[in-house]
Amino acid sequence: MSRTLQDVLAMIKDNDIKMVDFKLTDIDGRWRHLSIPAERLSEKTMTQGIGFDGSNYGYAPVENSDMVFVPVLDSAVIDPYAQIPTLSMIGDVRVIALPENKPFDQYPRNVAIRALEYMKETGIADKMIIGPEYEFYIFDTVEFDVRSQTMSYEIFAKQAHWASNSYENNHGYQIPHGAGYHTSLPMDVCNDLRTKMCLAMKEWGIDVKYHHPEVGGCGQMEIEVELGEMLKLADDTMSAKYVIKNEAVADGRTATLMPKPLAGEAGNGMHVHMLLTKDGKPIFYDPDNYAQLSNEALWFIGGLLTHARSLCAITNPSTNSYKRLVPGFEAPVTIGYAMANRSAVVRIPAYAKTPDTKRFELRNPDATCNPYYAYAAILMAGLDGIKNKIDPHEAGWGPYDFNLFDLSDEEKAKIEGLPASLPEAIEALKADHDYLTAGGVFPQRLLDQLTNRLSKAADEINKLPHPAEFAKYYDL
């Protein structure tokens, strides 16, 4: 698709659009937005952009915080969640400069674009194809309170096993603990809502592969999308999260992609499948190698595993992320790779057997990440592995064709693990980030700002008393 301004203006006229809404991504990966009357969209918007103060978006200070937003016309879509007919577009951010404005190097979408440019410059590949899996919970209600004298949260999901004695339960069709995977009606009370989400995603240009209930019996869901080019899938990830949350609200419920909203239940990951192509041909396939992976694919895995700990600060940037990355919940905790092994950080799907589908997935990321930064960082780690020919087997990372969760403590101690906390991941990123700054993809001041923000957030959470501490220590 390659829309022109005239195409978009025709959309506005044909659909009686009153407002045009521009969605911008802040440093944390949240959408912010500003709107203009539809009649103000013009060629001037495309050449001069729309000015805004970028200092409020969390990026490292620059000499000039006056920035302009330039819409991406191909992203134009009618936003069904606005009451007034509204056309939505994402776009890129530029800093004001002479003679021409230049891309703001810290803006998430620009970082992803630069990572792809760098990939082409290396000659290794010209396209990165990815496919994220979106796991999330749908609840009927959620309440939380964080004040100096009270800290609490309460969740209700009528299909949950712990709602069986509630007046609002699911007519007795409760889902047992940890038994939600592919459960059917009438237990699956969110079937129609997931379908609405998928149909809405289609309107936003997102190709859905399938949807289903996930393991967490108290409302965990998954929507998986088709593989596509990295930049589009980064855009689509932002759109998918927007659709998931807004469709839930429209249905009188609430959705969260938070990694671990419930103790003792499965967590929400965002597994990322990936492969590289060059001149239209996949470069990850070799029928004679382990799991039919080429040397380039194995080296890419070697790069991911080499930098797995520092990557976590970008792919798992919340304190809550590390409450998901614990043993026993199909979330990886040790660094390794294997075929069809969900306990490994890198899993090679056994069903992907053809050259154009041969790929692997990174299983530790979650949706609290900024997808542009996360996908760019994953690419940079893999490219570093290819450039340095890092063999994951020779480095001692497998293949682990057995359940890593079943190892003895002594055996587990021999295998390097992912960070157990956000501060640990931050320290790993501080010590290992040259692969990110290569080619000017991640500016150093952006990495400094990210680590400062993450450290501040972790410190803030760590200082808060926890309700469980009252149960453990109040009477001592």
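The number of residues in segment 202-243 that are in a strand (DSSP E or B) and either of a type in the set (A, V, I, L, M) or over 13 Å from the mean Cα position of the chain (by Cα) (or both) comes to 13. The numbered conditions (1) in the same structural domain as His466 (by TED's automatic domain parsing); (2) more than 19 Å from Gly252 (Cα to Cα); (3) without any contact (Cβ under 8 Å) to a residue 40 or more places away in the chain are all true for Trp162 except (3).
So for segment 371-389 (the condition being closer than 22 Å to Ala313 by Cα and not in a helix (DSSP H, G or I)), does at least one residue qualify? No, the conditions are met nowhere in segment 371-389.
Would you confirm whether or not segment 90-98 contains a residue that is touching a helix residue (DSSP H, G or I) at 6+ places or on another chain (Cβ under 6 Å), within 25 Å of Ala376 (Cα to Cα) and in a loop (DSSP other than H, G, I, E, B)? Break it down into steps so the answer makes sense when it comes.
At the first step, the residues of segment 90-98 found to be touching a helix residue (DSSP H, G or I) at 6+ places or on another chain (Cβ under 6 Å) are 90, 92.
With within 25 Å of Ala376 (Cα to Cα) added as a condition, the list becomes 90, 92.
Those left that are additionally in a loop (DSSP other than H, G, I, E, B): none.
No - not one qualifying residue is present in segment 90-98.
Is it the case, given these coordinates, that Gly396 is free of Cβ contacts under 8 Å to residues at least 24 places away in the same chain, closer than 15 Å to Gly417 by Cβ and either part of a helix (DSSP H, G or I) or of a type outside the set (Val, Ile, Thr) (or both)? Give the steps one after another, and end with the answer.
Details: free of Cβ contacts under 8 Å to residues at least 24 places away in the same chain: yes; closer than 15 Å to Gly417 by Cβ: yes; either part of a helix (DSSP H, G or I) or of a type outside the set (Val, Ile, Thr) (or both): yes.
Yes, satisfied.
Determine if segment 300-311 includes at least one residue that is out of contact with any His (no Cβ under 7 Å at 6 or more places or on another chain), of a type outside the set (Ser, Thr, Tyr), touching a residue at least 60 places away in the same chain (Cβ under 8 Å) and assigned to a loop (DSSP other than H, G, I, E, B). Yes, segment 300-311 contains a residue that is out of contact with any His (no Cβ under 7 Å at 6 or more places or on another chain), of a type outside the set (Ser, Thr, Tyr), touching a residue at least 60 places away in the same chain (Cβ under 8 Å) and assigned to a loop (DSSP other than H, G, I, E, B).
Within segment 1-38, being surrounded by 12 or more Cβ atoms within 10 Å (Cβ to Cβ), over 26 Å from the mean Cα position of the chain (by Cα) and outside any strand (DSSP E or B) holds for Arg3, Leu5, Asp7, Val8, Leu9, Ala10, Met11, Ile12, Asn15, Ile17, Lys18, Ala38. Only one entry in Pro371, Pro355, Pro327 is in the same structural domain as Ser239 (by TED's automatic domain parsing) and surrounded by 24 or more Cβ atoms within 10 Å (Cβ to Cβ), namely Pro371. Taking segment 175-189 as the range and being out of contact with any Cys (no Cβ under 9 Å at 6 or more places or on another chain) and either loosely packed, with under 14 Cβ neighbours inside 10 Å or within 15 Å of Leu262 (Cβ to Cβ) (or both) as the test, the residues that pass are Pro176, Gly178, Ala179, His182, Ser184, Leu185, Pro186.
The values are calculated or read from the model by the stated rules, or taken from the named source; none is laboratory data. Please read these numbers as outputs of a predicted model, since none were measured by experiment. Here Cβ is always computed from backbone atoms with ideal geometry, including for glycine, and neighbour counts include all displayed protein chains.
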